[in-house]
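This report concerns only the one structure given below.
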Amino acid sequence: MLRTPAAMQDAERHTAHNYHPLPVVISSAEGAWVTDVDGRRYLDCLAGYSALNFGHRHPTLIATAHAQLDRLTLTSRAFVHDQFADFCRELAALCGKDLVLPMNTGAEAVETGVKVARKWGYQVKGVPAGQANIVVAEGNFHGRTTTIVSFSTDSDARADFGPYTPGFRIVPYGDLAALAEAIDEHTVAVLLEPIQGEQGVVVPPEGYLPGVRRLCTESNVLFIADEIQSGLGRTGATFACEQEGVVPDMYLLGKALGGGIVPVSAVAADADVLGVLKPGQHGSTFGGNPLACAVATEVVRLLATGEFQHRSAELGERLHAGLRALIGKGLVAVRGRGLWAGLDIDPALMSGRVACERLMERGVLAKDTHGSTIRLAPPLVITAEEVDHAVAQLAAVLAD
């Protein structure tokens with residue numbers, strides 16, 4: 001008798017229904033593969049929304065976590081621990097920035113970026129108290145706290161969670177003229193995803209990110225890049241901004257930084273930006289804890305070799321070539337960079353949810369978004385043969 005149906009019912013019985021998961025109950029995993037409670041294996045083509053860039057149970061990261069668990073897991077930032085300096089120094093070097101502020105979740109990194117930008121605006125730029133504004137883009141997804149959903153344009157994420165936090169201006173993604181119009185003397189930051197993940201892996205027009213950088217520099221405004229999904233190797237470079245030759249004033253990082261083991265996020269910026277914070281003005285009990293720092297330092301070291309960025313670029317070309325061949329055969333559009341793709345299925349054929357359910361039946365896990373769109377983001381340890389397998393299973397689903 002299959003265990004999955006009862007396990008799904010048990011999970012649903014005692015949880016708030018804030019997710020609509022596929023009917024699969026995973027019990028173990030390694031590399032790019034997961035196994036469910038009935039022993040069936042699936043190729044993971046979601047990778048925890050990029051949290052598992054290095055695959056499930058990467059041996060170096062697991063060994064580091066085990067070793068740290070035997071020594072020290074938490075001190076709070078009331079004290080300094082022996083893993084903290086290495087993490088901050090090596091991540092700052094990877095980002096090309098002076099300072100790092102560790103937190104836990106991606107949403108916390110975004111909240112931290114918002115707070116730092118406002119404080120910088122008041123103390124450095126000279127914006128009058130309470131007048132700071134931040135420009136964001138339509139279709140954004142930066143998290144689900146009350147402040148962040150205040151500038152979301154996704155009704156599911158935003159509706160019925162008001163009153164909303166003021167101080168944000170929303171402009172169309174990819175529109176430099178609209179961005180220029182929105183910036184005024186009280187603007188302290190432009191907050192953008194270099195590639196919009198939740199929206200369907202939307203890549204901005206060529207020249208957009210350099211144009212954002214230019215406008216921010218000219219207007220004395222911070223450019224904050226939310227690289228929580230797009231960063232740390234996902235797009236074929238350490239950061240998606242690199243592919244446009246752009247360096248933001250602040251990086252927001254998370255997901256893959258924890259190696260799929262612990263939640264780790266961070267803000268990286270130079271001292272003239274992050275230096276506006278003083279003791280007592282921001283913090284986190286678990287932010288920068290010893291276990292998180294030990295694992296995340298190894299993540300930074302894996303990225304420092306360049307191996308994973310290269311794999312993402314090379315295998316990403318293979319993935320996108322295979323997907324583009326399906327345009328007109330059930331797909332109407334393919335977007336993305338590296339091992340990250342958004343696919344628009346012909347809505348007359350099926351919904352994104354149905355496509356993901358049929359892929360699951362064929363042993364491939366993916367995630368739908370916005371109706372007829374699905375996202376593919378396999379771990380960067382995936383092989384060429386596994387990439388081809390995923391594309392072949394999608395082709396079979398579209399042909400059914």
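Within segment 88-104, one or more residues are of a type in the set (Val, Ile, Thr) and within 19 Å of the chain's Cα centre (by Cα). Can you find even one residue in segment 7-27 that is closer than 30 Å to Pro279 by Cα and among the aromatic types (Phe, Trp, Tyr)? No - not one qualifying residue is present in segment 7-27.
Restricting the search to helices (runs of 4 or more DSSP H) fully inside segment 281-400 and requiring at least 3 residues that are among the charged types (D, E, K, R) and farther than 23 Å from Gln196 by Cβ gives 307-324, 352-361, 384-399.
Scanning segment 214-253 for residues that are crowded, with 24+ Cβ neighbours inside 10 Å and at positive phi gives Leu232, Gly233. Among the criteria (1) of a type outside the set (A, V, I, L, M, F, W, C); (2) over 29 Å from Gly31 (Cβ atoms); (3) touching an Asp or Glu at 6+ places or on another chain (Cβ under 8 Å), the one Gln229 does not fulfil is (2). Considering only residues in segment 20-48 that are in contact (Cβ under 8 Å) with a residue 60 or more places away in the chain and either hydroxyl-bearing (Ser, Thr, Tyr) or in a strand (DSSP E or B) (or both), the one that is surrounded by the most Cβ atoms within 10 Å (Cβ to Cβ) turns out to be Asp44.
Residues of segment 51-86 that are touching a residue at least 60 places away in the same chain (Cβ under 8 Å) and not in a loop (DSSP other than H, G, I, E, B): His56, Thr60, Leu61, Ile62, Thr64, Ala65, Ala67, Gln68, Leu69, Phe84, Asp86. Looking across segment 159-209, just one residue is in contact with an Asp or Glu (Cβ under 6 Å, 6 or more places away or on another chain) and over 13 Å from Glu138 (Cα atoms), and that is Leu209.
Listed conditions (1) assigned by TED's automatic domain parsing to the domain that holds Pro205; (2) out of contact with any Cys (no Cβ under 9 Å at 6 or more places or on another chain); (3) over 26 Å from Glu30 (Cα atoms) are all met by Gly288, apart from (2). Scanning segment 197-213 for residues that are more than 28 Å from Lys367 (Cβ to Cβ) and in a loop (DSSP other than H, G, I, E, B) turns up just one, Gly207.
Of all residues assigned to segment 310-323, at least one qualifies as being buried (at least 24 other Cβ atoms within 10 Å of the Cβ) and either in contact with a strand residue (DSSP E or B) (Cβ under 6 Å, 6 or more places away or on another chain) or in contact (Cβ under 8 Å) with a residue 40 or more places away in the chain (or both).
A quick yes/no check of all residues on (1) exposed (fewer than 14 other Cβ atoms within 10 Å of the Cβ); (2) under 25 Å from Arg353 (Cβ atoms):
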residue: Met1; (1), (2): yes, no
residue: Pro5; (1), (2): yes, yes
residue: Asn18; (1), (2): yes, yes
residue: Ser50; (1), (2): no, yes
residue: Leu61; (1), (2): no, no
residue: Ala65; (1), (2): no, no
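The values are calculated or read from the model by the stated rules, or taken from the named source; none is laboratory data. All of these numbers come straight from a predicted model, not from anything done at the bench. All Cβ positions, even for glycine, are placed from backbone atoms using ideal geometry, and neighbour counts span all protein chains on display.
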